[in-house]
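**Student:** I'd like to ask some things about the structure below.
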Amino acid sequence: MPDKHKAVLAFDFGLKQIGVAQGQTLIGSANGLTIIKASDGAPDWSVVSKVIDEWQPDLLLVGLPLNMDDSESELSQRARRFARRLGGRYNIEVIMVDERLTSREAKSMLQEEQRNSGRGGRSRDLTKIDHLAAALILQSWLQAPDLGQQP
């Protein structure tokens, strides 16, 4: 876990929506916050500003969607561009974190929660899990901060 106490926001970048989680390094917590709609990867920056103003983070994390062979894709490059824009716009340090499988893990966690709840009726929309994936990105960084990289 990082040495200094920091408030952190993590972003799970996507072309249609961007998940956001908040956490802090003192006790190593990570909680999903919200999902910001995006249009071809471009968020509503006023919504991003509102979240940043509310949580006052010391550090921003952005998930880096690498291929399983460690290579980068077009989505990786777009996530890096989003990270650079975040840093430039808000003047807050940004770190990229390998996010392989976080969306799949978040979906699996939500499905397990639904199975264990025993409640009938409508199930939660499994496409709306990006804030949980962002929390997993944040949690993985809290456990291994040296694995982060610059955008």
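**Student:** Give me LEU147, LEU75, LEU136 ranked fewest to most by other Cβ atoms within 10 Å of their Cβ, as a rough exposure proxy.
**Tutor:** LEU147, LEU75, LEU136
**Student:** Still on this model: Can you give me the Cα centroid spacing of the range 62-97 and the range 1-33 in angstrom?
**Tutor:** When both Cα centres are located, 15 Å separates them.
**Student:** Sort VAL51, VAL20 by Cβ crowding within 10 Å, fewest neighbours at the top.
**Tutor:** Lowest count first: VAL51, VAL20.
**Student:** Just going by the charge dipole of the range 2-51, with Lys and Arg at +1 and Asp and Glu at -1 on Cβ, which of ALA10, ALA38, VAL51 is farthest out on the positive end?
**Tutor:** Of ALA10, ALA38, VAL51, it is VAL51.
Each value in this text was obtained by applying a stated rule to the coordinates, not by laboratory testing. Keep in mind the model is a prediction, meaning the values are calculated, not measured. So basically every Cβ, Gly included, is an ideal-geometry build from the backbone, and we count neighbours across all protein chains shown.
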